[in-house]
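Engineer: Once you've had a glance at the structure underneath, I'll fire off some questions.
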Amino acid sequence: MVRINLAQSAVPKQLPLFEDKWMLLNRGISELTRLNLVEAKEAFEHYKALYRREHDIDTKLKHTDFLMEGFANGPESCPEQPAYLCELWSSFEDYVQAVGFEQGHIISDIKSSFFRKAVEAINQCDLAEAPLLSDTIPTGYVYIQAGEYDLAIKVLQSCILKTPRSAAIYGYLGDAYMLRGEPNVARQCYQEAFLIDPAGIDWRYMKDRTLLELREQLVGEEGLDTALALEWVPSYAYIDGLFRPRIMKLNEGVKEFVGEYLELQKAFFKEQASNLKAKLFFRGIILCDNEPLLRFVNKVNFIEVRKQMKSLNPALFSRYLKFIENRK
């Protein structure tokens with residue numbers, strides 16, 4: 001069981017009355033980042049008593065109190081503890097963002113200690129090989145945040161076998177590969193996540209800065225709302241050379257992919273929805289990369305696919321043709 005020990009001796013430690021203020025402040029910050037919360041609170045309160053108006057001490061005290069209360073209210077038994085810690089961290093991040101705390105290095109250090117505690121909880125609850133900690137929290141996510149990228153990849157790959165249609169899982173797997181220094185493999189994972197659901201990727205933790213910048217570019221320069229920008233990101237990413245061709249085999253997914261494409265096409269003809277335009281365009285790119293196989297699938301035609309791509313987004317289609325020509 002992993003819990004922060006909030007119970008202390010009945011006799012509090014005596015702090016020097018005139019301790020150097022920088023040492024006192026830094027000691028409080030150090031204890032906070034190591035999640036020694038009682039000691040952190042003592043130092044911050046003593047500092048506040050001596051130097052009331054300096055260094056935004058009230059905010060640091062509030063952060064400390066938030067975490068103390070969160071740990072105190074946590075479950076005392078397995079297997080709920082690790083999932084609770086993930087939820088607590090998410091709540092803490094929302095709280096920090098709401099109060100506008102600007103010292104990001106402190107939050108980063110707290111996060112490192114926090115997820116080391118979460119890994120301890122996973123091990124103590126015998127969940128190290130479990131794909132998921134709850135319905136929505138993959139174990140690999142914790143390993144990523146704790147810097148255990150090899151473990152994250154192993155567990156996330158196992159998780160994909162059980163939840164193959166999860167954009168979040170593929171996204172986290174991409175994050176793990178990106179952090180391990182394998183961007184090409186990471187982007188293969190991101191590409192699969194986009195095909196499932198661009199909005200299902202956990203964009204708060206996306207580790208591919210280029211994809212993040214591309215999303216912001218589509219919102220800022222192209223004037224798309226965030227949801228629609230996410231749908232168009234994979235097509236733009238492909239044309240920018242970020243994604244490699246997704247080559248399929250005839251007996252391993254082509255017919256299913258074509259079936260999905262035709263269903264989207266049917267829905268688009270009925271609804272004319274903007275998000276379906278983006279989905280069809282990206283899938284059109286993938287079908288064109290697999291053009292030699294389309295002759296064996298009677299329901300879709302290479303020429304018609306390209307015609308539809310041009311009608312969906314003429315400007316982007318023109319860029320796509322130039323990209324294909326240059327690649328050849």
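Engineer: Starting from the range 238-258, keep only residues that are in contact (Cβ under 8 Å) with a residue 12 or more places away in the chain, then list their pairs with residues that are surrounded by fewer than 16 Cβ atoms within 10 Å (Cβ to Cβ) and in a loop (DSSP other than H, G, I, E, B) whose Cβ atoms are within a distance under 7 Å, requiring at least 6 positions of separation or different chains.
Structural biologist: What qualifies is 250/296; 258/299.
Engineer: Without any contact (Cβ under 8 Å) to a residue 60 or more places away in the chain, in contact with a helix residue (DSSP H, G or I) (Cβ under 9 Å, 6 or more places away or on another chain), closer than 29 Å to residue 259 by Cβ and part of a helix (DSSP H, G or I): is that true of residue 227 in this structure?
Structural biologist: Taking the combined requirement at face value, the residue satisfies it.
Engineer: Turning to a different aspect of this structure: Among the residues of the range 125-168 satisfying the criterion of being within 19 Å of residue 89 (Cβ to Cβ) and among the β-branched types (Val, Ile, Thr), which is farthest from the chain's Cα centre (by Cα)?
Structural biologist: Checked the range 125-168; the qualifying residue farthest from the chain's Cα centre (by Cα) is 155.
Engineer: Related question: Condition test on residue 280, is it over 17 Å from residue 194 (Cβ atoms) and of a type in the set (A, V, I, L, M)?
Structural biologist: Taking the combined requirement at face value, the residue does not satisfy it.
Engineer: Among (1) touching a residue at least 60 places away in the same chain (Cβ under 8 Å); (2) hydrophobic (A, V, I, L, M, F, W, C); (3) more than 27 Å from residue 125 (Cα to Cα), where does residue 72 come up short?
Structural biologist: Every condition holds for residue 72 apart from (3).
Engineer: Among the numbered criteria (1) closer than 28 Å to residue 328 by Cβ; (2) within 15 Å of the chain's Cα centre (by Cα), which single criterion is violated by residue 209?
Structural biologist: Among (1) closer than 28 Å to residue 328 by Cβ; (2) within 15 Å of the chain's Cα centre (by Cα), the lone unmet condition for residue 209 is (1).
Engineer: Here's a follow-up. Taking the range 313-328, which residues are modelled with pLDDT under 95 and either of a type in the set (S, T, N, Q) or assigned to a helix (DSSP H, G or I) (or both)?
Structural biologist: Hits for the range 313-328 are 324, 325, 326, 327.
Engineer: Also, quick follow-up: Hey, any hits in the range 110-119 for a residue that's open to solvent by 20 Å² or more (accessible area, probe 1.4 Å), under 28 Å from residue 62 (Cβ atoms) and in a loop (DSSP other than H, G, I, E, B)?
Structural biologist: no
Engineer: Okay, moving on. Collect the residues in the range 46-82 that are in contact with a Lys or Arg (Cβ under 6 Å, 6 or more places away or on another chain) and either at pLDDT below 95 or open to solvent by 70 Å² or more (accessible area, probe 1.4 Å) (or both), keeping them in residue-number order.
Structural biologist: 51, 57 - these are the residues of the range 46-82 that are in contact with a Lys or Arg (Cβ under 6 Å, 6 or more places away or on another chain) and either at pLDDT below 95 or open to solvent by 70 Å² or more (accessible area, probe 1.4 Å) (or both).
Engineer: Could you check residue 310 against (1) open to solvent by 60 Å² or more (accessible area, probe 1.4 Å); (2) out of contact with any Phe, Trp or Tyr (no Cβ under 6 Å at 6 or more places or on another chain); (3) assigned to a helix (DSSP H, G or I) and say which number it fails?
Structural biologist: Only one criterion in (1) open to solvent by 60 Å² or more (accessible area, probe 1.4 Å); (2) out of contact with any Phe, Trp or Tyr (no Cβ under 6 Å at 6 or more places or on another chain); (3) assigned to a helix (DSSP H, G or I) is unmet by residue 310, namely (2).
Engineer: Taking residue 317 as the residue in question, decide whether it is open to solvent by 70 Å² or more (accessible area, probe 1.4 Å) and out of contact with any strand residue (DSSP E or B) (no Cβ under 7 Å at 6 or more places or on another chain).
Structural biologist: For residue 317, the condition - open to solvent by 70 Å² or more (accessible area, probe 1.4 Å) and out of contact with any strand residue (DSSP E or B) (no Cβ under 7 Å at 6 or more places or on another chain) - is not met.
Engineer: Restricting to the range 210-230, give me the number of residues that are within 14 Å of residue 191 (Cβ to Cβ) and either surrounded by 14 or more Cβ atoms within 10 Å (Cβ to Cβ) or aliphatic (A, V, I, L, M) (or both).
Structural biologist: 3
Engineer: Look through the range 247-267, keep the residues that are basic (Lys, Arg) and either buried (at least 18 other Cβ atoms within 10 Å of the Cβ) or in a helix (DSSP H, G or I) (or both), and return whichever of them is modelled with the highest pLDDT.
Structural biologist: Per the criteria, the residue is 266.
The values are calculated or read from the model by the stated rules, or taken from the named source; none is laboratory data. Remember, predicted model here, so these are calculated numbers, not experimental data. Here the Cβ is made from the backbone with ideal geometry for all residues, glycine too, and neighbour counts use every protein chain on show. To get the accessible areas, we keep the full protein, side chains included, count just its heavy atoms, and leave off ligands, DNA and RNA. Shrake-Rupley method; radii C 1.70, N 1.55, O 1.52, S 1.80 Å.
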